[in-house]
Amino acid sequence: MTAYELLTVETVPAYLAGRPALAWWADPARVREIGDGNMNTVFAVEVDGGPGVVLKQAMPYVRVDPDWPITPDRNRIEATVLAEHGRVAPGLVPELLDVDEARHVVALEDLSDHRVWRGLLNEGSRDEGVAADLGRYVAKVGFGTSVFGLGAERHKAAVARSVNPELCEITEDLVFTEPYVEHEHNKILPANKADVAAYIGDPAVRTAIGLAKLAFMTRAEALIHGDLHTGSVLVRPGSTRAFDVEFAFYGPVGFDIGALWGNYVLAAARGFALGDAAHAGWALGLAEQTWDAFEAEFTALWPDRADPRVYGDGVLAAYLARTRADAAAFGAAKAARRVIGFSRVTDIETLPEEARVTAIRGVLRAARYLLTTGPVVFDRIGDLLVSE
Ligand code: SR1
Ligand code: MG
């Protein structure tokens with residue numbers, strides 16, 4: 001029994017009527033439950049003669065596993081972060097229309113003319129400009145919410161009010177721990193057992209993952225998205241929006257770049273497994289597009305930094321280099337967790353079994369490369385995804 005009322009398709013109209021900010025949508029033509037993520041319920045509300053609205057409600061548990069309790073306060077965190085990301089990266093996140101802290105509901109702009117990027121990638125669609133938009137988004141957030149963008153005092157206050165311990169713990173467990181130990185969440189195809197054993201048994205991999213987890217837990221650089229996979233991105237020609245910011249917290253900026261890189265590797269692995277080398281090569285090329293846009297945007301913002309007496313151009317160069325190295329390790333962790341542990345991705349799971357085995361083998365090889373080799377060369381990853 002939940003201490004607050006959970007929305008249903010039937011109760012949404014009355015809910016809308018009771019929220020002053022949402023009265024426009026109180027007589028909907030259609031309400032649909034469209035949530036396909038792991039965590040929340042999501043309702044799309046359509047009205048005649050205008051844009052609709054989206055309601056997202058957090059339950060006190062994980063949507064896909066009601067026996068897994070988790071704070072519904074994630075909904076308030078999402079609202080706070082959306083407002084902050086909208087401030088520093090306007091047009092790159094959905095607009096926030098209402099926040100109901102009592103029932104853990106946020107109302108968001110209708111983006112039904114957009115599609116989730118992962119689905120487009122799976123279909124072989126090549127949407128140009130998205131990877132660069134996301135690099136700019138990470139840079140604007142990475143700079144604007146950091147000590148460079150906020151200055152010392154505001155940065156400390158922001159770190160203090162942005163803790164997100166329960167959601168961070170999910171990432172700490174699912175991304176950095178469970179895939180590397182015996183765990184009931186891990187599901188490994190018999191033909192991939194040796195691949196997983198080689199990956200998690202490599203001492204260099206384990207050290208790099210341990211250090212990546214430590215950086216994730218301790219490096220409060222900026223109010224990062226925290227779960228920026230290709231299923232957290234909505235796309236329409238000329239428009240890119242990062243959504244689902246409930247995992248946001250003050251963490252290392254390279255985690256968001258790495259999440260994208262890891263998911264580009266998964267998309268490429270799918271392409272190769274389906275014999276579409278052209279699409280796979282295009283997907284791998286997205287990594288440098290995201291990086292180049294991130295670097296250019298961050299560098300363009302740099303003249304506005306707080307305390308240039310101390311943070312000189314040498315700091316910028318070193319910060320960018322460290323962020324790129326971080327992204328490689330985080331990208332590996334994010335790709336590997338999707339083929340070993342809980343919360344799989346359709347890029348891989350919808351492949352026929354034989355192709356899935358090959359794709360998973362390639363992803364683990366690529367992850368090992370990202371974790372243990374010096375400067376990353378994405379062309380090399382293409383070779384690792386195809387070789388037997
Ligand atoms: C309980 S499942 C949690 C996962 O779903 C989210 O999309 C995040 O990726 C998280 O790791
Ligand atoms: Mg999500």
Hydrophobic long helices for the chain, i.e. whole DSSP H runs reaching 24 angstrom or more by Cα along the axis with Kyte-Doolittle mean at least 0.5, come out as 254-273
With runs of 4+ DSSP H residues as the only contributors, calculate the mean residue ellipticity of the chain at 222 nm using -39,500 (n - 2.57) per run, divided by the residue total and rounded to the nearest 500. -16000 deg cm²/dmol
From the Cα gyration tensor of region 81-191, with a ≥ b ≥ c the square roots of its eigenvalues, which class applies: rounded if a/c is under 1.5, or else prolate if a/b is larger than b/c, or else oblate? oblate
In what sequence do Ile348, Ile209 fall when counting other Cβ within 10 Å, fewest first? Ile348, Ile209
Rounded, prolate or oblate: which one fits region 203-315, using the alpha carbon gyration tensor with axes a ≥ b ≥ c (rounded when a/c is under 1.5, else prolate when a/b beats b/c, else oblate)? prolate
Count of lysine pairs, the chain, Cα-Cα under 27 Å, sep. 8 or more residues or interchain, comes to 11
Residue list for region 332-365, given a label point 7 angstrom along the Cα-to-Cβ vector of Ser387 and an amide N cut-off under 13 Å: 362, 365
Shape call for region 115-386 from the C-alpha gyration tensor, a ≥ b ≥ c root eigenvalues: rounded (a/c under 1.5), prolate (a/b greater than b/c) or oblate? prolate
Kirkwood Rh, region 12-109, all Cα pairs: how many Å? 14.0 Å
Given a cut-off of 18 Å, what percent of all Cα-Cα pairs of region 195-237 lie beyond it? 54 percent
Let's see if you can work this out: charge +1 on each Lys and Arg Cβ, -1 on each Asp and Glu Cβ, no other charges. What is the dipole magnitude of the chain about its Cα centre, in debye to the nearest 20? 820 debye
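All of the numbers you see were taken from the coordinates with simple rules; none came from a lab. Owing to the predicted nature of the structure, the values given are computational and were not obtained by experimental measurement. FYI the Cβ positions are ideal-geometry reconstructions off the backbone, even for glycines, and counts take in every protein chain you see.
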